[in-house]
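Here is the structure we will look at, set down as structure tokens.
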Amino acid sequence: MSHGYKPQESKRLDDKSVRARMLISCPDKAGIVAAVSQFLYEQGANIVQSDQYTMDPEGGMFFMRIEFDLQELEQRLPSLQEDFTRIADRFTMRWSIFRAARRKRIAIFVSKEDHCLTELLWQWQAGDLDAEISMVISNHDDMRGLVESFGIPYHHVPVTPDTKAEAEQKQRELTSGKVDLIVLARYMQIVSPKFIEQYHNRIINIHHSFLPAFVGGKPYQQAYNRGVKLIGATAHYVTEELDGGPIIEQDIQRVTHRDDVTELKRIGRHIERIVLARAVKWHVEDRLLVYQNKTVAFV
């Protein structure tokens, strides 16, 4: 039975209808901040937050995230973007502008473990994850009751070695044009290069180790056998290189020889759910820029 859960409205005083976020990356040189700030001033915008990072002032890359308020934003945004191209061309920028009021649509992929999924649902329902969870897709039917109790569509798409291509085609039909981000919340299947290409830097995975780490199956058993003193989790964008994409967030917890495999798994699940939720939150708030195989996180 659906409880009709809906995320609570944010208690922030910011009026999101006039709030926009701009992400910029370009070769570093003098005058970038001044040019962007002057442009926004001339447009009548009010800068409410600005953050920047440079890899190397001499020939390195420059990254910037800026939030601003502009009255009648939705109507004025197309002309603002067109006018900004002269600034972008001058500094050879890669840039994007996002409306804060336009909540990103998420599809969550899950298998049988529910801890990461549950954390995302809780944060969404509490209003802490400012996004729209459009659907949950799973290769098992175990999570249907949980997901549908939140009023979220649940799609069971079984996957076997013989039906993997057909299953992925079904997943693409479900998500194409309907979601902005895919979250692999302990989804125990490898997605194809074709699928990854469609959602370039828009698929986030949670890895059950502090990368680089134990390769192969039973990572916690391997960790226990080696007597590790730290365990962790890594959230990263998915690329064709398995568990090799740009890292978004990581966390660790100290353990001792007294912690058996069961306890390591319990601790690991807690870290995984927190790390993944942070990564998703940063993505939907436009706090991440990818350069080569790294991320710059403005948090």
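The values are calculated or read from the model by the stated rules, or taken from the named source; none is laboratory data. Small disclaimer: the values here were computed from a predicted structure and weren't measured. Glycine gets a Cβ as well: all are built from the backbone with ideal geometry, and neighbour counts include every protein chain shown. Side chains included, ligands, DNA and RNA excluded: accessible areas come from the protein's heavy atoms. Shrake-Rupley method; radii C 1.70, N 1.55, O 1.52, S 1.80 Å.
Using a probe radius of 1.4 angstrom, the carbon and sulfur fraction of the accessible surface of the chain is 49%. Maximal additional length on extending the Glu74-Phe39 stretch stands at 10.8 nm, based on 0.36 nm per residue less the C-alpha distance. Checking the Cα-Cα distances for Lys112/Lys294; Lys29/Lys104; Lys16/Lys112; Lys112/Lys170; Lys194/Lys218 against a 26 Å cut-off, the pairs over it are Lys112/Lys294; Lys29/Lys104; Lys16/Lys112; Lys194/Lys218. Longest stretch of the chain clear of exposed loop sites (GluC sites (Glu not before Pro), DSSP loop, at most 16 other Cβ atoms within 10 Å, sites excluded): 73-239.
If Lys and Arg each add +1 and Asp and Glu each add -1, what is the summed charge of the other residues whose beta carbon sits under 14 Å from the beta carbon of Lys29? Once all neighbours under 14 Å are counted, the net charge is -3. Placing unit charges on the Cβ atoms only, positive for Lys and Arg and negative for Asp and Glu, gives the chain a dipole magnitude near 440 debye about its Cα centre. According to a simple spin-label model (label point 7 Å from Cα along Cα-to-Cβ), what is the distance in nm between Arg254 and Asn46? So the label points at Asn46 and Arg254 sit 4.7 nm apart. If R0 equals 35 Å, the separation of the Cβ atoms of Met55 and Arg103 corresponds to a calculated FRET efficiency of about 0.65. Accessible surface calculations at 1.4 Å, restricted to protein heavy atoms, place the chain at 52 Å² per residue. Counted over the chain, the DSSP beta bridges are approximately 70% antiparallel.
In straight-distance terms, cross-link reach from Lys265 covers every one of the aspartates and glutamates whose alpha-carbon lies under 19 Å from its own, apart from those fewer than eight places away in the same chain; here that gives Glu113, Asp114, Glu119, Asp251. Listed peptides 96-103, 264-271 appear in the order 264-271, 96-103 once ranked by packing, highest mean of other Cβ atoms within 10 Å at the front. What net charge do the residues around Ser134 carry, taking every other residue with its C-beta under 13 Å from that of Ser134, with Lys and Arg at +1 and Asp and Glu at -1? Result for the local shell: +2. Taking a span of 18 Å or more along the helix axis (Cα atoms) and a mean Kyte-Doolittle hydropathy of at least -0.5 as the rule, the DSSP H helices of the chain that qualify are 261-284.
For the stretch 66-214, the dipole from Cβ point charges (+1 on Lys and Arg, -1 on Asp and Glu) about the Cα centre works out to 360 debye, to the nearest 20. Dipole magnitude for the stretch 16-99: computed about the Cα centre from +1 point charges on Lys and Arg Cβ and -1 point charges on Asp and Glu Cβ, it is near 180 debye.
Given their separation in residues at 0.36 nm each and the Cα-Cα distance between them, Glu240 and Arg266 gain 6.4 nm when the chain is fully extended.
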